[in-house]
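The values are calculated or read from the model by the stated rules, or taken from the named source; none is laboratory data. Please read all numbers here as calculations on a predicted model, not as lab measurements. Cβ: placed from backbone, ideal geometry, glycine included. Neighbour counts: every protein chain shown.
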Ligand SMILES: [Zn+2]
């Protein structure tokens, strides 16, 4: 993956290739993320790099099912809420993120694409709210299949039940892929392990190995998620245990995650 987040995306294609995808009704995956601080050991692009890696894994599984798939330019100007006060977290207004993503998806529709799925790797509440708003508005404004892939166990917090035409509901991962006792809320063991596997030059594993775990009780995690308190709750800007990255089974994790999402995508298309 040394070619970066544009590898295998539309960014690296010419327009006639894009046309051949839309002419054959290819499905579009849009990697969604932010540019945000990820502790002293990971780069700001961690979430969008991971969303892109996930998209590549999902694409492969969908193609094995006979589906043509193309990856859109990664969208990395989403909303930083939890870490918004930290240096390195670009503070894009919700309206800006919404308008920009809307214009990008509208362009894809104008190119002729009819099945568009958002693949998100950034957990902030306000970010998902903004992304969901866009997929909802697109499916109201255009008669195409445009869905945000979203986990069933959290969607009720957003007033969703998974039957919405703009949501592709995903079953949460059930297998165990790490042994850390500290949940990877932000820049912890799992994100560190994925980045180390695909972008070793961008990952400071010596630093990661030296970092003490940071864990918060549920109430404090909510305070973290609502934003503005990152520095007092976690001065290093991470939440979890980066040092445990070596216990993560990265490929098992990514294959399992991609399998859950690709299955959900195929199911949602059959209900069209
Ligand atoms: Zn992250």
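Structure summary
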| read-out | value |
| --- | --- |
| Residue match in the stretch 207-227 (condition: at positive phi and either touching a strand residue (DSSP E or B) at 6+ places or on another chain (Cβ under 9 Å) or in a strand (DSSP E or B) (or both)) | no |
| Within the stretch 178-197, tally of residues that are more than 16 Å from the ligand (Cβ to nearest atom) and touching a helix residue (DSSP H, G or I) at 6+ places or on another chain (Cβ under 7 Å) | 1 |
| Residue list for the stretch 158-171, filter: in contact (Cβ under 8 Å) with a residue 24 or more places away in the chain and either within 18 Å of the chain's Cα centre (by Cα) or more than 18 Å from residue 28 (Cβ to Cβ) (or both) | 158, 160, 164, 166, 167, 168, 169, 170, 171 |
| The one condition in (1) out of contact with any strand residue (DSSP E or B) (no Cβ under 7 Å at 6 or more places or on another chain); (2) in contact (Cβ under 8 Å) with a residue 60 or more places away in the chain; (3) surrounded by fewer than 21 Cβ atoms within 10 Å (Cβ to Cβ) that residue 182 fails to fulfil | (1) |
| Every residue from the stretch 73-126 that is assigned to a loop (DSSP other than H, G, I, E, B), under 15 Å from the mean Cα position of the chain (by Cα) and closer than 27 Å to residue 268 by Cα | 73, 74, 76, 77, 78, 79, 121, 122, 123, 124 |
| Boolean, residue 70 is outside any helix (DSSP H, G or I), more than 12 Å from the ligand (Cβ to nearest atom), buried (at least 24 other Cβ atoms within 10 Å of the Cβ) and touching a residue at least 40 places away in the same chain (Cβ under 8 Å) | no |
| Residues located in the stretch 166-191, provided they are farther than 13 Å from residue 47 by Cβ and not in a loop (DSSP other than H, G, I, E, B) | 167, 168, 169, 170, 189 |
| Options 32, 42, 27; residue that is crowded, with 16+ Cβ neighbours inside 10 Å, under 20 Å from the mean Cα position of the chain (by Cα), at pLDDT 95 or above and away from the ligand (no atom under 16 Å from the Cβ) | 27 |
